[in-house]
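See structure below.
The values are calculated or read from the model by the stated rules, or taken from the named source; none is laboratory data. If you're wondering where the values come from, they're calculated on a predicted model, not measured in any experiment. Neighbour counts are summed over all protein chains in view; Cβ atoms, including those assigned to glycine, are modelled from backbone coordinates with ideal geometry. For the accessible areas, the whole protein counts, side chains as well, though only heavy atoms, and no ligand, DNA or RNA atoms are used. Shrake-Rupley method; radii C 1.70, N 1.55, O 1.52, S 1.80 Å.
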Amino acid sequence: SAVSWAVSTYSSNATPFAKVSGFIQGSSSNAECWLISPPVDLSGSRLPYLTFQTAAKYAGPPLEVVVSSDYTGGPPSGAQWQSLAGGYTLSPTGSGPGFVWTASGKCLLDGNKKAGLRIAFKYMSSSTDGASTYELDDIRIQED
């Protein structure tokens, strides 16, 4: 697939962020694209949580945030992934003004206090469901 996460900026003073879009050469393409973190050790944490920001535009499937403790590399399909569905807020997509940076809120990771945890942002687009453009920044793991 020609769709991949890339480092991008907007305006000369902006800090870099990750960006992905399945809109190629004037049309929505069928794509699945993953941005996967290095392994994180949360085994000694108390109440860990993930925060990030997204900015998006155009209609398409929502970005999905998933975690795995058995991913070691290669295609993500070779690991078990658990969705953090409902545990975060994404920037609105569609035909509105778009690209409004939106804070995710706290995505609780207390059920994932393990060594070797990977956090992934799974992007999907299709010729029938559309191809949103997502920008992703300020990814942090903290604890209360």
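The table that follows gives values for the structure above.
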{"read-out": "Residues being part of a loop (DSSP other than H, G, I, E, B), touching a strand residue (DSSP E or B) at 6+ places or on another chain (Cβ under 8 Å) and among the hydrophobic types (A, V, I, L, M, F, W, C) - total across region 73-130", "value": "9"}
{"read-out": "Any hit, region 55-64, residues being among the hydroxyl-bearing types (Ser, Thr, Tyr) and at pLDDT 95 or above", "value": "no"}
{"read-out": "Any hit, region 132-141, residues being within 15 Å of Phe52 (Cβ to Cβ), among the hydroxyl-bearing types (Ser, Thr, Tyr) and out of contact with any Lys or Arg (no Cβ under 9 Å at 6 or more places or on another chain)", "value": "no"}
{"read-out": "Count of residues meeting criterion [hydrophobic (A, V, I, L, M, F, W, C) and open to solvent by 10 Å² or more (accessible area, probe 1.4 Å)] in region 51-73", "value": "1"}
{"read-out": "Residue satisfying condition, being at pLDDT below 90 and either in contact with a Ser or Thr (Cβ under 9 Å, 6 or more places away or on another chain) or more than 17 Å from Ile139 (Cα to Cα) (or both), within set Gly96, Gly105, Gly116, Gly78", "value": "Gly96"}
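Conditions (1) of a type in the set (A, V, I, L, M); (2) under 28 Å from Thr15 (Cβ atoms), marked per residue:
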| position | (1), (2) |
| --- | --- |
| Gly60 | no, yes |
| Leu63 | yes, yes |
| Gln82 | no, no |
| Ser91 | no, yes |
| Gly98 | no, yes |
| Gly116 | no, no |
